[in-house]
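The values are calculated or read from the model by the stated rules, or taken from the named source; none is laboratory data. Please read these numbers as outputs of a predicted model, since none were measured by experiment. Note that each Cβ is placed from the backbone with ideal geometry, even for glycine, and that neighbours are counted across all protein chains shown.
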């Protein structure tokens with residue numbers, strides 16, 4: 001993973017894009033991200049933070065598009081980024097994107113695959129693909145709509161405009177906005193809190209929320225019931241109930 005740094009702090013994995021100067025997304029970088037997220041599936045990792053500096057990811061490497069035109073072949077970057085984003089979204093543990101600087105195009109698509117987005121005060125996000133005569137190709141139209149609603153998603157995608165951190169927070173596209181100097185530690189501290197919690201239950205809740213969206217209510221309730229039953233007999237559930245009855249702090253182990 002030459003373009004991604006992978007570190008583990010306790011039970012939290014920190015995945016850092018490392019393609020200076022702006023972490024432009026290439027097929028190789030996307031493949032390295034996929035490998036990193038696959039490593040995050042290890043049970044010893046109970047929460048994940050993904051970040052990049054000075055920019056989270058300022059979009060796709062457009063030279064790759066031109067190379068596809070010159071070769072007369074389909075673009076493979078979008079497919080590679082789709083795979084990486086799916087791997088992040090499907091992790092059965094809480095994930096946070098800590099966004100410095102720009103998260104544009106594929107950068108925002110990657111960030112939206114995380115459960116939460118923490119933005120630096122000076123961060124800007126957007127889907128500017130329309131200005132190239134194309135559209136988001138790695139989940140942008142769908143994840144953005146899920147997060148901000150149809151009309152706001154149309155505005156952002158049709159215009160290709162940049163959205164600052166304050167507006168992103170107002171739209172629900174950002175979950176927290178903090179100073180750039182505090183961003184990573186805020187994300188890591190939040191991730192540590194989740195990692196110390198009942199991560200099997202968090203995974204079940206994540207599955208129910210992500211997979212229930214758009215289904216008929218009867219199917220959504222059935223999905224939730226199935227997820228509840230799946231975690232009811234876990235060690236963490238027994239510990240949580242026991243701690244409540246005994247009036248003590250629960251010690252969850254993610255089992």
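Residue 185: surrounded by fewer than 19 Cβ atoms within 10 Å (Cβ to Cβ) and free of Cβ contacts under 8 Å to residues at least 12 places away in the same chain, yes or no? Yes, satisfied.
Residue 101 passes every criterion in (1) surrounded by fewer than 24 Cβ atoms within 10 Å (Cβ to Cβ); (2) at pLDDT 95 or above; (3) touching a strand residue (DSSP E or B) at 6+ places or on another chain (Cβ under 6 Å) apart from (3).
Going through 208, 195 one at a time, which residue ends up being under 19 Å from residue 44 (Cα atoms) and crowded, with 16+ Cβ neighbours inside 10 Å?
Values: 208 fails: under 19 Å from residue 44 (Cα atoms).
It is 195.
Within the stretch 141-165, track down each residue that is in contact (Cβ under 8 Å) with a residue 24 or more places away in the chain and either in a strand (DSSP E or B) or more than 13 Å from residue 128 (Cβ to Cβ) (or both).
143, 146, 147, 148, 162, 163, 164, 165
Residues considered: 252, 228. Of these, the only one that is within 19 Å of residue 12 (Cβ to Cβ), over 23 Å from the mean Cα position of the chain (by Cα), without any contact (Cβ under 8 Å) to a residue 60 or more places away in the chain and not assigned by TED's automatic domain parsing to the domain that holds residue 116 is 252.
Among (1) at pLDDT 95 or above; (2) out of contact with any strand residue (DSSP E or B) (no Cβ under 7 Å at 6 or more places or on another chain), which single condition is residue 198 missing? Failed condition: (1). Close contacts from the stretch 110-135, counting a first residue that is without any contact (Cβ under 8 Å) to a residue 24 or more places away in the chain and a second that is surrounded by 24 or more Cβ atoms within 10 Å (Cβ to Cβ), with Cβ to Cβ under 6 Å and a gap of 6+ residues or different chains, come to none at all. Mind listing whichever residues of the stretch 108-125 are farther than 17 Å from residue 16 by Cβ and buried (at least 24 other Cβ atoms within 10 Å of the Cβ)? Across the stretch 108-125, the qualifying residues are 108, 109, 112, 125. Selection of the stretch 166-181 for residues being over 17 Å from residue 115 (Cα atoms) and either in contact with a strand residue (DSSP E or B) (Cβ under 6 Å, 6 or more places away or on another chain) or not in a helix (DSSP H, G or I) (or both) yields 178, 179, 180. Taking the numbered list (1) surrounded by fewer than 20 Cβ atoms within 10 Å (Cβ to Cβ); (2) modelled with pLDDT under 95; (3) closer than 26 Å to residue 7 by Cβ in turn, residue 180 passes all entries but (2). Here residue 213 meets each of (1) at negative phi; (2) surrounded by fewer than 13 Cβ atoms within 10 Å (Cβ to Cβ); (3) modelled with pLDDT of 95 or more with one exception, condition (3).
When residue 41 is tested against the conditions (1) over 27 Å from residue 253 (Cβ atoms); (2) part of a loop (DSSP other than H, G, I, E, B); (3) modelled with pLDDT of 95 or more, the lone failure is (1).
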